[in-house]
Amino acid sequence: MPLDDGYGVLSGTLESWYCDHDGSDRKYYHCNMRVKARGRQYRCPVDLDSKQLSDGLQWRVVDPVHSLPLPLRHIADGWHFLESRPGSGALDYYRSSELQPSPECVHAAAGEPEDGSVDTQEHCPPWKSGSGTDAFDDLEPLLSQCVRIMVFGEPFRTGRGVHNIHQNQGDPLRSRWRAENGPWQDGAVLVMRDNGSIAAFLCKFKTQHFFPPVSA
């Protein structure tokens with residue numbers, strides 16, 4: 001099933017970011033990005049809540065993203081709905097070729113690097129587990145380097161903004177969010193730097209399965 005209010009990407013300029021509390025109370029832990037596009041302000045809360053677990057959040061930084069999906073390469077600033085299918089520009093953590101390990105990483109993980117020089121720790125980062133503040137320690141340096149940003153997720157029903165900026169599949173059967181699970185609708189933050197390189201921040205919750213199963 002698709003997300004209730006659709007799926008898409010906001011492209012624009014990152015103006016600021018802040019975390020809305022220290023994670024010590026019962027509220028969800030969000031880190032909010034303020035994005036400007038075509039003269040309008042959008043709020044984009046990244047849900048980094050670890051449900052008070054030391055390892056309740058999982059995240060991965062893909063750096064670099066070697067190429068954008070074709071429909072995104074010249075996309076204008078603003079909000080754009082995307083169809084949840086291959087080739088539309090939609091992202092899927094496990095099906096988007098742009099987010100998958102390189103052939104060099106695959107060989108290295110199998111214990112047979114092609115030339116013996118692949119540093120898997122540096123160039124083939126695995127999924128990490130930890131708290132929301134741990135995850136933000138990896139997200140914030142990307143934001144500080146950002147000259148243009150793309151935020152993937154679901155648009156606000158009221159007001160301007162994007163949420164569900166995380167994996168949107170793999171919830172357990174009894175989860176309240178299970179009905180909105182589906183492929184090709186994962187949230188993510190893509191950061192473009194002034195040197196032309198692109199990095200992606202992906203995150204999910206410990207309760208969500210890796211789907212399809214992955215070894216990393």
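The values are calculated or read from the model by the stated rules, or taken from the named source; none is laboratory data. None of the values given here were measured: they were computed from a predicted structure. Using ideal geometry, Cβ is built from the backbone for each residue, glycine included, and neighbour counts are taken over all protein chains shown. Only protein heavy atoms, including side chains, enter the accessible area calculation; ligands, DNA and RNA are left aside. Shrake-Rupley method; radii C 1.70, N 1.55, O 1.52, S 1.80 Å.
Structure above, values below:
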{"item": "Any hit, the stretch 37-47, residues being open to solvent by 50 Å² or more (accessible area, probe 1.4 Å) and acidic (Asp, Glu)", "result": "no"}
{"item": "Single condition PRO64 does not satisfy, out of (1) within 15 Å of the chain's Cα centre (by Cα); (2) closer than 21 Å to LYS206 by Cα", "result": "(2)"}
{"item": "Residue in the stretch 202-215 that is of a type outside the set (Lys, Arg), in contact with a Pro (Cβ under 7 Å, 6 or more places away or on another chain) and buried (at least 21 other Cβ atoms within 10 Å of the Cβ) present", "result": "no"}
{"item": "Selection count where residues are assigned to a loop (DSSP other than H, G, I, E, B), hydroxyl-bearing (Ser, Thr, Tyr) and surrounded by fewer than 16 Cβ atoms within 10 Å (Cβ to Cβ), scope the stretch 120-164", "result": "1"}
{"item": "Of residues in the stretch 5-30 being among the acidic types (Asp, Glu) and modelled with pLDDT under 95, the one nearest to the chain's Cα centre (by Cα)", "result": "ASP20"}
{"item": "Given (1) modelled with pLDDT of 95 or more; (2) open to solvent by 30 Å² or more (accessible area, probe 1.4 Å); (3) under 24 Å from PHE205 (Cα atoms), index of the condition MET33 fails", "result": "(2)"}
{"item": "Test: residue in the stretch 88-107 that is at pLDDT below 90, in contact with a Pro (Cβ under 8 Å, 6 or more places away or on another chain) and outside any strand (DSSP E or B)", "result": "yes"}
{"item": "Test result for ASP92, within 20 Å of PHE201 (Cβ to Cβ), touching a residue at least 40 places away in the same chain (Cβ under 8 Å) and open to solvent by 60 Å² or more (accessible area, probe 1.4 Å)", "result": "no"}
{"item": "Residue match in the stretch 69-86 (condition: surrounded by fewer than 18 Cβ atoms within 10 Å (Cβ to Cβ) and of a type in the set (Phe, Trp, Tyr))", "result": "yes"}
